[in-house]
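Note sheet for the following structure.
What follows is calculated from the coordinates using simple rules that are stated; it is not laboratory data. Please read these numbers as outputs of a predicted model, since none were measured by experiment. When we count neighbours, we look across all protein chains shown, and the Cβ atoms used for this are built from the backbone with ideal geometry, even at glycine.
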Amino acid sequence: MRWYDAYLRRAYGSRRPSAFVRFLNRTSTMIFGAGIGPRRAAVLEVVGRSSGCLFSLPVVITDWNGERYLVAMLGERANWVRNVRAAQGRAVLRRGKREAVLLEDVTVEMRPAIVRRYLAVAPGARPHIAVDRHAPLEDFAAIAAQIPVFRITHEPRPVGMGER
């Protein structure tokens with residue numbers, strides 16, 4: 001599987017994914033958005049920080065200590081990370097149905113265990129994170145500041161909305 005790891009690193013090596021990876025992402029977005037595929041797979045929808053257009057991408061939802069998280073395998077350079085922050089955490093998760101969510105940045109101190117769990121459930125992310133999934137937490141702590149992690153909470157409804 002070293003060739004696959006090398007390919008994945010090259011596919012995302014530049015600022016933008018290769019044409020083949022974009023095709024795979026579009027296909028995964030359609031499949032996961034329809035609710036097909038692994039139960040952890042979903043589609044993240046977030047408004048672009050510059051364009052105002054809605055962007056959709058496949059993600060893996062990681063569970064840890066009874067909470068759900070999104071991890072950015074490409075680190076701070078991932079566009080979706082900057083879009084989520086510009087949108088003040090407001091986004092939608094789609095897996096058969098749409099779920100309005102608020103994504104909250106997780107502190108660097110909490111990230112190591114979550115990133116390790118993420119590597120256990122998202123094999124496609126392993127080539128992008130420079131720590132073996134079986135490594136001790138201290139190894140994950142060394143890279144935690146480079147890997148954004150967001151806790152998934154529900155978007156609070158404004159008072160008076162939907163009440164009768």
- [ ] Just subtract the alpha-carbon distance of residue 121 and residue 21 from 0.36 nm times their residue separation and send over the number in nm, one decimal.
- [x] 34.0 nm
Task: FRET E, pair residue 34, residue 104, Förster distance 30 Å, beta-carbon r, rounded to 0.05 - done: 0.65
Open item on the list: Residues of the stretch 63-80 with the amide nitrogen closer than 17 Å to a label point 7 Å from the Cα of residue 53, along Cα-to-Cβ, please.
Closed with: 79-80
Task: Length added when fully stretched, residue 142-residue 97, from 0.36 nm per residue minus Cα-Cα - done: 12.5 nm
Open item on the list: How far apart, in nanometres, would the label points at residue 113 and residue 154 be if each is projected 7 angstrom from Cα along the Cα-to-Cβ direction?
Closed with: 2.5 nm
